[in-house]
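Report on the structure given below.
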Amino acid sequence: MTPSDFAGLATGIGSWPGTDIREAAAIVLGEFDELPHIVELPARGLGADTIGRTGAIMVDVELDVRTSGYRVVPRPMLAGRRASDFLAEDLDVLEELWEVSGLRGSGRTIKVQAAGPFTMAAQVELRHGHRALTDRGAVRHFTEALGEGLRQHCAEVARRLGVDVVVQLDEPSLAAVLAGSLSGITGLDTVRPVPEPDALELLDSLIETIALPVVVHCCDSDVPFDLLRRSGAAAVAVDATGLRRTDFDGIGELLQTGKTLMLGLIPPQAPERPTGWRELAEPGVILIDRLGFDRSVLASQISVTPSCGLAGSTPEWARRATGLARDVVAAFADSPDSL
């Protein structure tokens, strides 16, 4: 899969409602036929959430849970073991479904997800209780541990399924990390911002280690488009409902570099009134028109996702959301000028 192959696709963000991994994985494989993803089921509890799962992927980092959240520990503990068990089970189920469905050798690509290094450093505590983000050496160690862990994880997925793999880095805390707006363990304790050049260097070193196409997903309302444009990421995924006029220049420059913009156009929960694909496609069309691009960009550089993970939705809406994402992508490809 080349960077341009991120475009014109419907895919999920990662999380899914419920606790039945077999049912969830079967639905995702069937609904997202071009770019299915490894399903995350946080409703299973400790270790099944994004931070816990990413900790299971990282090498040389062990996590456990305290009352304040995840914390680095010197040896494997309950939370880390649970996260590793969930991940192993999910891969076993996915491999079985892949084989039973006859997908080996089909040429399909699959997406794996993990929290990015800045979100991990922001959300995980060191042994003394401070955010890992307060220790620049720890941030670099997290980046290296995540890069090597993802490299091994993706190689295992590729070997098991016989597929190409792409990576999604979830960075909901990235804007706060750059702004220095995170609190410390006391009101007097400050967390210094990570300078943008340092953040860019760390992100690019991670992408280089992974050595696969990477999409950075940032659902914050303050997406650092300039940093992501200059990074080695092939695509950027955002919540389309949170975009502001001040984002337009950054989005335009990102598209001009040839990167794909993955727009979160589908609500993560069922809306109060029935909503069709045409209504959901409209913000994407308006965005491209306001940027002054030809509408062909909707097919050549835009993909469609839910605006966030689907863990908080009902199973019925989760399935409906995947269908709407496919419908919007088809409209962007077939008749963009009629929208």
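Contact map, the stretch 129-155: first residue over 14 Å from VAL72 (Cα atoms), second residue acidic (Asp, Glu) and open to solvent by less than 10 Å² (accessible area, probe 1.4 Å), Cβ cut-off under 8 Å, separation 6 or more or different chains; the map is empty.
Residues that are open to solvent by less than 20 Å² (accessible area, probe 1.4 Å), under 17 Å from the mean Cα position of the chain (by Cα) and small (Gly, Ala, Ser): does the stretch 76-90 have at least one? No, the conditions are met nowhere in the stretch 76-90. Anything in the stretch 295-305 that is outside any helix (DSSP H, G or I) and under 9 Å from PRO336 (Cβ atoms)? List them, or say none. Correct list: ARG295, SER296. Based on this model, can you work out whether PRO74 counts as over 18 Å from GLY264 (Cα atoms), in contact with an Asp or Glu (Cβ under 8 Å, 6 or more places away or on another chain) and at pLDDT below 95? In short, yes. Looking at VAL236, VAL216, VAL223, just one residue is in a loop (DSSP other than H, G, I, E, B), within 25 Å of LEU150 (Cα to Cα) and hydrophobic (A, V, I, L, M, F, W, C), and that residue is VAL223. GLY284 meets the conditions (1) open to solvent by less than 30 Å² (accessible area, probe 1.4 Å); (2) touching a helix residue (DSSP H, G or I) at 6+ places or on another chain (Cβ under 6 Å); (3) not in a loop (DSSP other than H, G, I, E, B) in every case but one. The failed one is (2).
To keep it simple, each residue is scored yes or no on (1) in contact with a helix residue (DSSP H, G or I) (Cβ under 8 Å, 6 or more places away or on another chain); (2) closer than 18 Å to VAL112 by Cβ.
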{"position": "GLY47", "(1), (2)": "yes, yes"}
{"position": "GLY55", "(1), (2)": "yes, yes"}
{"position": "VAL59", "(1), (2)": "yes, yes"}
{"position": "GLU62", "(1), (2)": "yes, no"}
{"position": "SER68", "(1), (2)": "no, no"}
{"position": "PRO74", "(1), (2)": "no, no"}
{"position": "MET77", "(1), (2)": "no, no"}
{"position": "ASP85", "(1), (2)": "no, yes"}
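The number of residues in the stretch 59-75 being over 16 Å from THR143 (Cα atoms) and exposed (fewer than 11 other Cβ atoms within 10 Å of the Cβ) comes to 4. Given the criteria at pLDDT 95 or above and closer than 26 Å to ILE207 by Cβ, does LEU243 qualify? So LEU243 fails the test. Candidates are the residues of the stretch 181-209 that are modelled with pLDDT under 85 and not polar (S, T, N, Q); the one that is least open to solvent (accessible area, probe 1.4 Å) is GLY184. Of the residues making up the stretch 7-22, at least one is assigned to a helix (DSSP H, G or I), in contact (Cβ under 8 Å) with a residue 24 or more places away in the chain and either open to solvent by 10 Å² or more (accessible area, probe 1.4 Å) or within 20 Å of LEU161 (Cα to Cα) (or both).
The values are calculated or read from the model by the stated rules, or taken from the named source; none is laboratory data. These figures come from a predicted structure and were not determined experimentally. Methodologically, a virtual Cβ is constructed for each residue, glycine included, from the backbone with ideal geometry; neighbour enumeration extends over all protein chains shown. To get the accessible areas, we keep the full protein, side chains included, count just its heavy atoms, and leave off ligands, DNA and RNA. Shrake-Rupley method; radii C 1.70, N 1.55, O 1.52, S 1.80 Å.
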